[in-house]
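What follows draws every value from the coordinates through simple rules; no lab data is involved. Keep in mind that what you see is a predicted model, and the values were worked out from it rather than measured. Cβ placement follows ideal geometry from the backbone for every residue including glycine, while neighbour counts extend to all protein chains displayed.
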């Protein structure tokens, strides 16, 4: 519309000029030194207009040629980008389908034309990792960094992930420590460090990392507590296995107070105390824990602690029986302590009471060994037979319920050789010899 209006204006102007020139064409003289030009004014105006049109047309042609070249370049560039995107998509599909070599091929084929080469290189690095081409993986990671230096955190996070997956723990540690120096609050860096310390079994570093994990909400409060419990249990176990009482005490002192009376912690600490010939301290520890919170597992452990005063230990178990009458685990512990004290009648009574509360293979076994030593082999064999039957029932039920932990527990019961029975047998033999 604008062009049409302009054309009409030019035509009208030309007609007006033609009419004016027809009436009075005018006169124009241009002189310079010995050189002069004479013409009518109308012709001069027409010539100027023609010259202007020629110059304008030439400039427009040059501009059009430049635009044409730019459009051709943009078209070729768009075509290359489209081809690169299609190749990247094929590579990602191959990566998802597990075709690692094909994934690398398509991800890198047109990476120079990709509008996101960083993503191509990182994905190619993952494909190379899957086919165990670790040199290629590292080369792609370097190219990823070169393609976008500002994305160094993304590149190094990918590198740390792949190093962890390949078991390159030392390299992963160096990468993650560098990342943490750059971004000390990055949640995923902290998460990968947590995983690495667990796999390295570096419990000291994991314990030191826990406050930051809680603060940055990398793990929930419950997960943090479980991590702390696990780490301190491992540290306690390492100290206990060293055979040095001072190391065990030092590890115990480093445990937060809120974790010290957890059932698993008390159980482990008491067992290590017994291993270091500290049964009195172990007994006191279990007794204090049971005052805080009742635990069948700790009750069972109490019966296994070879305290120096079995009579006093039995008296404590009998006081608990008044508060928790008929509890199978407590009855079994009382029987074990009575065996160590040489109180065969009480031991038999508590074992039989425990059986009435529910058949348990270890109770049948203990009672059978006791009766065997008391010269009652027929009754002993009956209990051995019943114990095997009870253990078989546990095993069959475990298989049906697909509960492997119950099978392991039953296997441990069948394989157990209880020291208290052996001690009781020795005491009985000594008493017979003295007679």
Check: For labels at residue 381 and residue 101 in the simple 7 Å Cα→Cβ model, what's the distance in nm?
Finding: 7.0 nm
Note to self: Compute the distance from the alpha-carbon center of region 77-136 to that of region 329-385, in whole Å.
What the structure shows: 70 Å
Check: Taking a spot 7 Å from the Cα of residue 78 along the direction of its beta carbon, which residues of region 97-124 have an amide N less than 20 Å from it?
Finding: 113-116
Check: In which sequence would 169, 119 go, from the one with the fewest C-beta neighbours within 10 Å to the one with the most?
Finding: 169, 119
Next item on the list: Just report the Cα centroid separation between region 248-301 and region 188-221, whole Å.
Entry: 26 Å
Notebook entry, point to check: Taking the Cβ-Cβ separation of residue 135 and residue 59 as r and a Förster radius of 56 Å, what is the calculated FRET efficiency to the nearest 0.05?
Noted result: 0.45
Next item on the list: Let me know the shape class of region 78-147, please: from the alpha-carbon gyration tensor, a ≥ b ≥ c as square roots of the eigenvalues, rounded when a/c is under 1.5, otherwise prolate if a/b is greater than b/c, or oblate.
Entry: oblate
Notebook entry, point to check: What nm value, rounded to one decimal, do you get for the distance between residue 31 and residue 288 when each label is placed 7 Å out toward the C-beta?
Noted result: 12.8 nm
Next item on the list: Mind running the shape call on region 310-385? Use the C-alpha gyration tensor, a ≥ b ≥ c as the square roots of the eigenvalues: rounded below 1.5 for a/c, prolate if a/b tops b/c, oblate otherwise.
Entry: oblate
Next item on the list: Just the Kirkwood number for region 246-400, please: inverse of mean 1/r across all distinct Cα pairs, in Å, one decimal.
Entry: 16.7 Å
Check: Which part of region 137-160 falls in the paramagnetic zone of residue 182, meaning amide N under 18 Å from the point 7 Å along Cα-to-beta-carbon?
Finding: 138-160
Item checked: Chain lengthening between residue 169 and residue 241 when straightened (0.36 nm per residue, less Cα-Cα) -> 23.4 nm
